[in-house]
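Comments concern the structure below.
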Amino acid sequence: MKFFKSSPSSLQEIILDNEKLPQHIAIIMDGNGRWAKKRFLPRTLGHKAGVEALRDIIKTASNTKIAYLTLYAFSTENWNRPNDEVSALMELLVEYLRKEGEELHSNNIKINTIGDIDGLPEFARKEVLRAKELTKNNTGLWVNIALNYGGRDEIVRGIKRIAKDIKEDKISIEDINQEVFSSYLETANMPDPDLLIRTSGEYRFSNFLIWQSAYTELWFTDILWPDFRGEDLLMAISDFQKRERRFGKV
């Protein structure tokens, strides 16, 4: 695949190897608040601007034939933000799914969630479930939206499910290994991320997919999320393809 990335002075060619595409890309969509602050705008408008980036990234990932895209939309820690910002984020989620759901469906995109969506406000939870039901049989790009999600919380819930199955004699302690444990996590039906992208110049996982990312390639950029576009995603994939993944081997 050949693409061109626009720059102020020239066109930069991006060539991707179809045989080395990451199966699963995870993105920490960071920088909405700082984007708004730089423009003397309310933080909520930064989140709204971030939706434009989201549209472009999903479209690009689908066109590039990526199989799984996991997006960190709302963490378990985000409940600590001001109430008006949390409410705005929930309303924005509902607005996005209502506006984009049919188009995503028509493009064979499947909407999935990871995280405890039962903890969402009822109006948001219903819209999420509606989008999942609408797209459940689609076979194209699988978009995981991490909602009310935290990596440590996911691991604890996985341990509780294992403990319950041990108590009910469905498995024994001796059965437990890394593969079995992974099957109790919410990403059980998908490969671990090959590539994790974080925008806005921060260099941390922030409690995102911490079990699944043990051997994930990391790609950081100073670009704030609302300014991140498909061509930036392609650059990250291009860089990923130049790396040698050894998984602890020589």
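Structural remarks
- Here 138, 144, 112 are screened, and the one residue that is in contact with a strand residue (DSSP E or B) (Cβ under 9 Å, 6 or more places away or on another chain), in contact (Cβ under 8 Å) with a residue 40 or more places away in the chain and either under 23 Å from residue 57 (Cβ atoms) or charged (D, E, K, R) (or both) is 144.
- Hits in the range 44-97 - residues which are outside any helix (DSSP H, G or I) and closer than 17 Å to residue 237 by Cα: 64, 65, 66, 67, 68, 69, 70, 71
- Any chance residue 201 is among the small types (Gly, Ala, Ser), surrounded by fewer than 17 Cβ atoms within 10 Å (Cβ to Cβ) and either under 24 Å from residue 145 (Cβ atoms) or touching a residue at least 60 places away in the same chain (Cβ under 8 Å) (or both): yes
- Taken over the range 42-57, the criterion of being touching a residue at least 12 places away in the same chain (Cβ under 8 Å), surrounded by fewer than 22 Cβ atoms within 10 Å (Cβ to Cβ) and out of contact with any Pro (no Cβ under 9 Å at 6 or more places or on another chain) is satisfied by 44, 54, 55, 56.
- Residue ID - nearest to residue 53 (Cα to Cα), chosen from residues in the range 204-218 that are surrounded by 20 or more Cβ atoms within 10 Å (Cβ to Cβ) and among the hydrophobic types (A, V, I, L, M, F, W, C): 208
- Candidate set: the range 1-25, residues that are of a type in the set (Val, Ile, Thr) and touching a Leu at 6+ places or on another chain (Cβ under 9 Å); chosen: the one modelled with the highest pLDDT: 25
- The range 13-37, residues that are over 17 Å from residue 88 (Cα atoms) and without any contact (Cβ under 8 Å) to a residue 40 or more places away in the chain: 13, 19
- Conditions (1) within 24 Å of residue 204 (Cβ to Cβ); (2) surrounded by fewer than 19 Cβ atoms within 10 Å (Cβ to Cβ); (3) over 17 Å from the mean Cα position of the chain (by Cα): number failed by residue 36: (2)
- Matching option when the condition is loosely packed, with under 14 Cβ neighbours inside 10 Å and under 24 Å from residue 55 (Cα atoms), among 222, 232, 192: 222
- For the range 93-139, filtered to residues that are among the basic types (Lys, Arg) and in contact with a helix residue (DSSP H, G or I) (Cβ under 7 Å, 6 or more places away or on another chain), the residue that is surrounded by the most Cβ atoms within 10 Å (Cβ to Cβ) is 110.
- Among the conditions (1) in contact with a helix residue (DSSP H, G or I) (Cβ under 9 Å, 6 or more places away or on another chain); (2) farther than 19 Å from residue 134 by Cα; (3) in contact (Cβ under 8 Å) with a residue 40 or more places away in the chain, residue 90 misses just one, which is (3).
The values are calculated or read from the model by the stated rules, or taken from the named source; none is laboratory data. From a predicted model like this one, the values you see are computed outputs, not experimental measurements. Here Cβ is always computed from backbone atoms with ideal geometry, including for glycine, and neighbour counts include all displayed protein chains.
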